[in-house]
1. Exactly one condition in (1) touching a residue at least 12 places away in the same chain (Cβ under 8 Å); (2) out of contact with any helix residue (DSSP H, G or I) (no Cβ under 6 Å at 6 or more places or on another chain); (3) of a type outside the set (Gly, Ala, Ser) is not met by residue 269; state its number.
2. Collect the residues in segment 281-317 that are of a type in the set (Asp, Glu) and either assigned to a helix (DSSP H, G or I) or in contact with a Cys (Cβ under 9 Å, 6 or more places away or on another chain) (or both), keeping them in residue-number order.
3. Identify, from the list 209, 160, the residue that is out of contact with any Lys or Arg (no Cβ under 7 Å at 6 or more places or on another chain), buried (at least 22 other Cβ atoms within 10 Å of the Cβ), of a type in the set (A, V, I, L, M, F, W, C) and modelled with pLDDT of 90 or more.
4. In segment 177-208, how many residues are of a type in the set (Ser, Thr, Tyr) and closer than 30 Å to residue 272 by Cα?
5. How about segment 144-184: which of its residues are assigned to a helix (DSSP H, G or I), without any contact (Cβ under 8 Å) to a residue 24 or more places away in the chain and either touching a helix residue (DSSP H, G or I) at 6+ places or on another chain (Cβ under 8 Å) or not small (Gly, Ala, Ser) (or both)?
6. Residues in segment 22-32: is at least one under 14 Å from the mean Cα position of the chain (by Cα), buried (at least 17 other Cβ atoms within 10 Å of the Cβ) and at pLDDT below 95?
7. Residue 99 passes all but one of (1) modelled with pLDDT of 85 or more; (2) surrounded by fewer than 20 Cβ atoms within 10 Å (Cβ to Cβ); (3) small (Gly, Ala, Ser); which number fails?
Amino acid sequence: MHLELLGADDFVYAAFAPWAQQSLTLARVAASHRDRYRLITAELEVDAEPSGALWYRSPGAAAMPVTGDWVAARVINATDAIVEAVLPRRTLFARRAVGKREEQQPIAANVDLVFLVSGLDGDYNPRRIERYLILAAESGARPVIVLNKRDLCAELEARIEQTREVAAGAEVVTASTVAADGLDGLRGHLAPGRTVALLGSSGVGKSSIVNGLLGEERLRTNAVREYDSRGRHTTTHRELIPLPGGGALIDTPGMRELQLWAGRESVDRVFDDISEAAADCRFRDCTHNGETGCAVEAAVDPERLASYRKLQNEAAWHETLSDPLAAIERKKKWKAIHKAARIYKQR
């Protein structure tokens, strides 16, 4: 396979140049299972494991190969290889690890476009869409919101408008895997050299969309539960699938717990309507939480504003743990702001 069709470009080849001098092979990670990988090279597909030197050099588990990574590999034979290095990532979609650990959990690397899939059945949730948009903003990949199962939605136009209100400028398309033209709005985003990842909760139809775009039943699918429209984890690992005409799709397992691994700047980018309304607040340092003359509270839907506050708190907590000194300075700043607000109200 021509690796250019999978996204290899001047950036990738320049990063690989030092490793090429060591007679290593350029490859892309098609699947990862803990410390076992499936690699695609220009000539074959092989199973691989990391070298001891790679384990030693890596600053943490998040730096180890994930689906979508470009790597330098030492091919042993027609079926096996050793990964010697992970090339610099252009983009990285990641979340905070499940549980109480403050660790980054990479989902997919070197993604150009991400389909944020939401089912138009009983599991539709605009608050969840906001979370995915924040992680997409942090990753560097361009998001497209896909409203799937449009054939099951009796109020399609209202759902589209509701989604656009939280989309922060991202394109919103509808899809159906049962209609003949149900995936036409997605096919236009596929192109040679472009990597598209599908993300969303279990049961939204990601694997069905992949099968439809491939034109074959490549991935296993299951029906969702009737009472809450949620599915079981049919997809158990992340997999990069080359497209017949070039480009690649990355299918991912459903994520029911989506904790942020992002800063407050990414939150502000998704909630740009709040940033625009804040320009009309009476106080420049308004916290949009009961201050006199707050333009945000008057203009923004209360549920969206509550979501903004919650996500800002999550992002601030992440920043606190990643940069404690900067967090101390921010705490001092906001303490002074709140004190000034209390004095003003007393007067």
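The values are calculated or read from the model by the stated rules, or taken from the named source; none is laboratory data. Quantities reported herein were computed from a predicted structural model and do not represent experimental measurements. Reconstructed Cβ throughout: ideal geometry from the backbone, glycine too, with neighbour counts over all protein chains shown.
1. Unmet condition: (2).
2. 291, 297, 303, 314
3. 209
4. Count: 3.
5. At the first step, the residues of segment 144-184 found to be assigned to a helix (DSSP H, G or I) are 150-152, 156-164, 184.
Of the ones still in play, those that are also without any contact (Cβ under 8 Å) to a residue 24 or more places away in the chain are 157-158, 160-161, 164, 184.
Across segment 144-184, the qualifying residues are 157, 160, 161, 164, 184.
6. Filtering segment 22-32 down to residues under 14 Å from the mean Cα position of the chain (by Cα) leaves none.
Among the residues of segment 22-32, not one is under 14 Å from the mean Cα position of the chain (by Cα), buried (at least 17 other Cβ atoms within 10 Å of the Cβ) and at pLDDT below 95, which makes the answer no.
7. (1)
Residue-by-condition table, conditions (1) in a helix (DSSP H, G or I); (2) at pLDDT 95 or above; (3) under 18 Å from the mean Cα position of the chain (by Cα); (4) surrounded by fewer than 20 Cβ atoms within 10 Å (Cβ to Cβ):
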{"residue": "85", "(1), (2), (3), (4)": "no, yes, no, no"}
{"residue": "111", "(1), (2), (3), (4)": "no, yes, yes, no"}
{"residue": "122", "(1), (2), (3), (4)": "no, no, no, yes"}
{"residue": "127", "(1), (2), (3), (4)": "yes, no, yes, yes"}
{"residue": "134", "(1), (2), (3), (4)": "yes, no, yes, no"}
{"residue": "137", "(1), (2), (3), (4)": "yes, no, yes, no"}
